[in-house]
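Trainee: Before we start, here is the structure in question, set down as structure tokens.
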Amino acid sequence: MLLGPLSCPGPWGKQVEQLVLYMKAAQLLASSLHLAKAQIKSAKLNPSTAVKQVVKSLNERYKSCISLCRRLTDKLNHFFSDKQRFVDEINSVTAEKLIYNQAVEMVQSAALDEMFKQSEDIAYRYSKASMLLDGLSKILQDPTDIDNVVKYKASVDRRISALCYCTVTLYE
């Protein structure tokens, strides 16, 4: 479940988070490459110069993610002599939880700054959190999680609308 606890204690916690995010990025890039290949093969996508450049860029990013995953795995193996403990730790952290937590932190930070009249980039942070939540709602599997994220995004979007309305009325 997405809203469950997320813990990465110890000096290796950030590296575990990085590994999970790079693994997710590699998964999404691989999926994009497979889709492009299938679309080209079925003649739904023309292999123009621009398409080839995009596919090349996706492939380079995919290889970079895989390389970083390998390096992080090697580093983390030093912290975990017990391989099962390493696997359990990796499985307890998901990219989806990390993305959700980042969005929540952004909203909370923006709300606090708004409350204390520090209006610098508040709308931007709300918008960025909204984009994270929107992307997250598209990759989640659990219907309850999807519903919760969609509701949270709707709340953030209402706050953005209210901020924009207030800004417009202030300058009229």
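Trainee: In which sequence would D74, D121 go, from the one with the fewest C-beta neighbours within 10 Å to the one with the most? Intermediate values should be presented prior to the final figure.
Mentor: Working: D74 9, D121 12.
Result, fewest neighbours first: D74, D121.
Trainee: Further, regarding this structure: With labels modelled as points extended 7 Å from the Cα through the Cβ direction, what inter-label distance (nm, one decimal) is found for K138 paired with L45?
Mentor: 1.4
Trainee: Less than 17 Å apart at the alpha-carbon level, and either on another chain or at least 8 residues along: which lysines does that give for K138?
Mentor: By straight Cα distance, K138 reaches K24, K97, K128, K151, K153.
Trainee: At a Förster distance of 30 Å, what's the computed FRET efficiency of R61 paired with I146, Cβ-Cβ distance as r, to 0.05?
Mentor: Using R0 = 30 Å, I get an efficiency of 0.65.
Trainee: Separate question: What full-extension length gain, to one decimal in nm, is calculated for F116 and D157 as 0.36 nm per residue of separation minus the Cα-Cα distance?
Mentor: Going from the current span to full extension adds 12.7 nm.
Every read-out reported here was derived from the displayed coordinates using simple, explicitly stated rules and does not represent laboratory data. Just so it is clear, the model here is predicted, and its values are computed rather than measured. Please note: Cβ atoms are built from the backbone with ideal geometry, for glycine as well, and neighbour counts cover all protein chains shown.
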